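Worksheet for the structure shown next.
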Amino acid sequence: AKELGPYDDPHSHRALSAPLTDGYNDGGVLLLEAGTGVGKSFAYLVPALAWARANGERTIVSTNTINLQEQLVGKDLPLLRRALKDDDHEPTFALLKGWRNYLCRLRLETATASQHTLIDGDKLGELINLAEWAAHTNDGTLADLPVPPSSEVWDEVAAEPDLCTRLRCPHFDRCFVFQARRRAAQADVVV
């Protein structure tokens, strides 16, 4: 006799997605709990994508960890996009992290210009590496860095909502935070 794994039982997905679908249609708050490996992500992402398509409304998926965010955007949602794509619609999604996960180009420029006063000599190499990386990274997040910088260096260059000049910033059009927000504004699902 073969023991069924969690993904072999279609009822586990249905048991979770049915009340989620009802929650989208009826409104209100819903709390569901399920064990590891049951297929929770598919159970909530499929109704979210269907709702977005049918109603032209975005769904926000909030996770506890960046690792789960990256799993959803890097693995689960691309698979669902291929599965749910048709001639009329291709599901869209975007990843949006907290401010301090993004590099601020203006703060990097400022730190580089005042490198001798703000950062010790041993941290200068990290700052130079960040500047080189900033020239070619797509998303400007810590997760995209091959080697994370020290917290002291990242604190000097990370995006901060209280320090952001937004539209007045000379780098606004290329700002990693606002590029991510613009993508999120167009997506069916934002993680």
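For segment 24-49, the set of residues classified as at positive phi and out of contact with any Leu (no Cβ under 9 Å at 6 or more places or on another chain) consists of 27, 28, 37, listed by residue number. Close contacts from segment 54-81, counting a first residue that is under 15 Å from residue 43 (Cα atoms) and a second that is loosely packed, with under 13 Cβ neighbours inside 10 Å, with Cβ to Cβ under 7 Å and a gap of 6+ residues or different chains, come to 81/90.
No value in this document is a laboratory result; all are computed from the given coordinates. Bear in mind the structure is a predicted one, so any value in this text is a computation, not a measurement. Here Cβ is always computed from backbone atoms with ideal geometry, including for glycine, and neighbour counts include all displayed protein chains.
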